[in-house]
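Below is one structure, written out as structure tokens; comments come after it.
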Amino acid sequence: MKLVAVIPCFNVGKSVFRLIYKTLKYVDNVIVIDDCCPKKTGNLVKTKFKKNKKIIVLKNKKNLGVGGAVKKGYEYAAKLKCQYIVKLDGDGQMNPKYILKFKKFAKVSRADYLKGNRFFKSKEILKMSFIRLIGNIGISYLGKFSTGLWHIFDFSNGYTFISSKIIKKLKLNEIKNNYFFETDILFHLNQANAIVYDINIPAKYSNIKSNLKIWKIFHYFFFYNLTNFLKRIFK
């Protein structure tokens, strides 16, 4: 099974080096997308790993948002003729060792899309701030209604594993570029009759502050989820 990792980066810098080193143990290629990063992450990675052909750096001329960066990575990864693409955030909150768990589960379930869920048994979830914890729970319940995927939770979790075959069935240009991407792609996957599962993947909270501020974007999530819910019902 050929695997490619996609790592979108914004405001990350040199701290992504450790993530890349760890990820290379489990995948065939790593694609780093510099989403017009203020810390010039793309240039730093190119310099550090200039002799490593397994690492590919893509740079956006303007900030596309996490969804826009990931979609660009998906499109490039599909050209590498891989079976699955794993997406990890550049902030180091996702431990690459769980790629093996994704891989094993994908073989057994023949899933089109797997995503991490921090809410199964993880004690690490208690390290999340109270506001962010409540916000993630609220976003997950909204996501259930909008996508119709009632067995899924932790909708804002960006640790995902997607089949290159299902990517070809999705209209990526219709999926949101911003932080709603993680929920919106699940909506489109359900519309494409994709096989989707949650698996227990605990978070590893780093010293880097997340760019996602739940309390600032909750109203957008409410609006977008309501829109998708109506689309799903009336279709």
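Some notes on this structure:
- For the residue pairs 25/53; 103/165; 40/115; 72/165; 59/87, the alpha carbons lie more than 19 Å apart in 40/115.
- Only helical runs count toward this figure. For the chain, summing -39,500 (n - 2.57) over DSSP H runs of n ≥ 4 and dividing by all residues gives -13000 deg cm²/dmol at 222 nm.
- Antiparallel %, DSSP beta bridges [both residues in the chain], to 5: 25
- The gain in end-to-end length when the residue 232 to residue 2 segment is fully stretched comes to 79.4 nm, 0.36 nm per residue minus the alpha carbon separation.
- Computed from label points 7 Å out along Cα-Cβ, the spacing between residue 223 and residue 43 is 3.6 nm.
- Spatial separation of Cα centroids for region 1-61 and region 63-123, in angstrom: 15
- Interatomic Cα distance distribution for region 3-234, bins of 10 angstrom, percent: 8, 34, 40, 17, 1, 0
- Length available on full extension from residue 50 to residue 168: 0.36 nm per residue minus the Cα-Cα distance, which gives 39.4 nm.
- Kyte-Doolittle at least -0.5, axis length at least 20 Å by Cα - qualifying DSSP helices, the chain: 65-79, 130-147, 214-234
- 3J(HN,Hα) along region 29-40, derived from phi through the Karplus expression 6.51 cos²θ - 1.76 cosθ + 1.60 where θ = phi - 60°, amounts to 9, 10, 10, 9, 10, 7, 8, 6, 5, x, 8, 6 Hz, with x in place of Gly and Pro.
- Fully extended contour minus Cα-Cα distance, from residue 22 to residue 200, at 0.36 nm per residue: 62.1 nm
No lab work stands behind these numbers, since they all come straight from the coordinates. Keep in mind that this is a model prediction, so the values were computed, not measured. Cβ: placed from backbone, ideal geometry, glycine included. Neighbour counts: every protein chain shown.
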